[in-house]
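The values are calculated or read from the model by the stated rules, or taken from the named source; none is laboratory data. Here the structure is a predicted model, which means the values were calculated and not measured. FYI the Cβ positions are ideal-geometry reconstructions off the backbone, even for glycines, and counts take in every protein chain you see.
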Amino acid sequence: MDGYRGARSAVIVGAGVAGLTAATALARGGWQVEVVEVDPPGTTAGWGLCLTGPSLRALDELGLAETCLAAGYGMSSITHIDVNGKPAGTVELPRLLPRRPAMAGIARPVLHRILSAEAARRGVVVRHGVTVTAVAQEGERVRMRLSDGAVRTVALLVGADGIRSSVRGLLGLGASLDFDGQMVWRAVVPRPQWATGIHQFAGKPHTTGLVPLSDTQAYVFLTENAAEPNALPDAELAPRLRRLLRDFPGRVQELRSLIAGSESVVRRPVLTGLVQGDWYRGGAVVIGDAAHAPAPQMASGAALAIEDGLVLARELERHESIGAGLTAFVRRRAQRCRTLVETSEAIVGLEQAQRHQEAYPLMDSCHRLMAEPV
Ligand SMILES: Cc1cc2nc3c(=O)[nH]c(=O)nc-3n(C[C@H](O)[C@H](O)[C@H](O)COP(=O)(O)OP(=O)(O)OC[C@H]3O[C@@H](n4cnc5c(N)ncnc54)[C@H](O)[C@@H]3O)c2cc1C
């Protein structure tokens, strides 16, 4: 025993999905947890996301699945529509919680509020407008300097600061970060009555679809192929998205008419990333998108992030030292996360090549793999 059990203190960098769920999972195990978040309170990037079965299963372990289902929109199928507007098959996703839908659409700020409230209830302290600027291992503890001049010396540092993680850089962990020529669009719209599951419409050259977020709201997504990762003026967002949807047949025209002003539209580059080699140095580790960021096509980045937090807490509980716990954590997570990132990259490639029919079975088999126990 290295003595850390007497001092279970952790700093987590990033109050996103990975950071807040890891904070809750550790605090449940008796850890004293402080989260530092660079953004001010109430800043949540993006409109909505889909919590797939593995996300709900992991949230259930934290006691949060029911709350998320109640605050979002439960559903169990993805309907694919071909380039001619004809149904091309419906995928029924595995239900991982008994008598519950397979997944839930949820607005990001709503999810964030649920995760923040649970972390606070467990005694986690979140400090906004603060980041980590330097890290050093001192014996069995990690010493760090914060941007407000404070210094912390703790047993564990968790970098949960997203795909552009600066903790990853501070630890000297090498990562690939790729842009493969796709931009994704999201627009919040009123939910049409017929939208009780995810709908995905193949198109030439783009792909679009709809995800319900609540009884009243949904979001339209569009994946723009062969795109430049340049920023557009805000006022151009809604007109440009409507133009990109113009040539789709059928129901997409109804969705197009629901897109209101540019304030309800966001456009982001599709980036993927993977840490090469170990995810940790001494008592500091990266999790979530900081370690493995898939393209959004598999709607599973948040699932991996939540699972990371749970497995990290479990492995630290099971092992006598932080080093052994982190080794076991990475051993349990690396292959699953790599498979998801690489599959999502393959789907991006197939979409760019207009080979949608080959992408569907790949998605289906990867969702089934993700459904296997963590
Ligand atoms: C368009 C799009 C759609 C997606 N849709 C889905 C979906 O439907 N389902 C799904 O499961 N996944 C989806 N994902 C993926 C999912 O959003 C991510 O995998 C997930 O958010 C990762 O969580 P995270 O906490 O690791 O990172 P993030 O959510 O990015 O959180 C990182 C946090 O760290 C903070 N931070 C950053 N730098 C610092 C710093 N230096 N110091 C302190 N704090 C810092 C950030 O402000 C942020 O709060 C989507 C991704 C995109 C881009």
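Quick look at the numbers
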item: Among (1) in a strand (DSSP E or B); (2) within 16 Å of the ligand (Cβ to nearest atom); (3) modelled with pLDDT of 95 or more - the single one A136 does not satisfy; result: (2)
item: Residue, surrounded by the fewest Cβ atoms within 10 Å (Cβ to Cβ), within the range 146-201, restricted to residues that are over 28 Å from G273 (Cα atoms) and free of Cβ contacts under 8 Å to residues at least 24 places away in the same chain; result: Q193
item: The one condition in (1) touching a Pro at 6+ places or on another chain (Cβ under 6 Å); (2) in a loop (DSSP other than H, G, I, E, B) that G63 fails to fulfil; result: (1)
item: Hey, A195 part of a loop (DSSP other than H, G, I, E, B), within 16 Å of the ligand (Cβ to nearest atom) and within 19 Å of C50 (Cα to Cα) or not; result: yes
item: Hits in the range 84-114 (condition: closer than 18 Å to Q200 by Cα and either touching an Asp or Glu at 6+ places or on another chain (Cβ under 6 Å) or buried (at least 20 other Cβ atoms within 10 Å of the Cβ) (or both)); result: A88, V91, L93, A102, M103, A104, G105, I106
item: Residue within the range 321-336 that is in contact (Cβ under 8 Å) with a residue 60 or more places away in the chain, in a loop (DSSP other than H, G, I, E, B) and farther than 20 Å from L274 by Cα present; result: yes
item: Hits in the range 23-36 - residues which are crowded, with 23+ Cβ neighbours inside 10 Å and either over 28 Å from S76 (Cβ atoms) or near the ligand (Cβ under 7 Å from one of its atoms) (or both); result: A23, L26, W31, V33, V35, V36
item: Qualifying residue in the range 85-100 (condition: outside any loop (DSSP other than H, G, I, E, B) and either under 21 Å from H319 (Cα atoms) or within 10 Å of the ligand (Cβ to nearest atom) (or both)); result: no
item: In the range 128-145, residue farthest from A10 (Cα to Cα) [restricted to those that are loosely packed, with under 15 Cβ neighbours inside 10 Å and touching a residue at least 60 places away in the same chain (Cβ under 8 Å)]; result: G129
item: Which numbered condition A155 fails, given (1) more than 16 Å from the ligand (Cβ to nearest atom); (2) modelled with pLDDT under 95; (3) closer than 28 Å to H128 by Cβ; result: (2)
item: First in the range 251-274 and near the ligand (Cβ under 10 Å from one of its atoms), second anywhere and of a type in the set (F, W, Y), Cβ under 8 Å, 6 or more apart; result: V266/W47; V266/W185; R267/W185; P269/F179; V270/F179; L271/F179
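Okay, residues lined up against (1) modelled with pLDDT of 95 or more; (2) not in a helix (DSSP H, G or I):
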| position | (1), (2) |
| --- | --- |
| L255 | yes, no |
| P269 | no, yes |
| T272 | yes, yes |
| G277 | no, yes |
| Q297 | no, no |
| A305 | yes, no |
